[in-house]
Amino acid sequence: QVQLVESGGGLVQPGGSLRLSCAASLSIFSIYTMGWYRQAPGKQRELVATITTAGSTKYADSVKGRFTISRDNAKKTVYLQMNNLKPEDTAVYYCNAAWQRYEYWGQGTQVTVSS
């Protein structure tokens, strides 16, 4: 059974940083496009960032220049470095793995930005 396990969330002050990690139990991690999504209370889940098998990245406009997605295929892990966090970044962050018709989600990790 595929599992995606996120970690690294927490409470941080505005302007602070957090690094999220997502460890995947996928048998062939390297073929999956990996992504981070988030869902704030009362809002729909939205794309934050994705990284392809070739390392190409895409970001939501709201996080460009502040967040960086990366992957370590040997460790089967994807990361999201979040800098200069803002209160509007508060949400549950979900890890996603996608390949052809296969798609998997993690359970999510809470990120709260507040003074």
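Things worth noting here:
- Residues being open to solvent by less than 20 Å² (accessible area, probe 1.4 Å), assigned to a strand (DSSP E or B) and among the aliphatic types (A, V, I, L, M) - total across the range 75-96: 4
- Candidates ARG45, ARG71, ARG66 - the one that is surrounded by fewer than 19 Cβ atoms within 10 Å (Cβ to Cβ), modelled with pLDDT of 95 or more and in contact with a helix residue (DSSP H, G or I) (Cβ under 9 Å, 6 or more places away or on another chain): ARG66
- A count restricted to the range 8-30 and to residues that are touching a residue at least 40 places away in the same chain (Cβ under 8 Å), within 26 Å of GLN100 (Cα to Cα) and loosely packed, with under 14 Cβ neighbours inside 10 Å stands at 2.
- Among (1) within 19 Å of GLN3 (Cβ to Cβ); (2) open to solvent by 60 Å² or more (accessible area, probe 1.4 Å) - the single one THR109 does not satisfy: (2)
The values are calculated or read from the model by the stated rules, or taken from the named source; none is laboratory data. Nothing here was measured: the structure is a model prediction, and the numbers come from that model. We place every Cβ from the backbone using ideal geometry, glycine too, and count neighbours over all the protein chains shown. Protein only, heavy atoms only, side chains kept; ligands, DNA and RNA dropped before computing areas. Shrake-Rupley method; radii C 1.70, N 1.55, O 1.52, S 1.80 Å.
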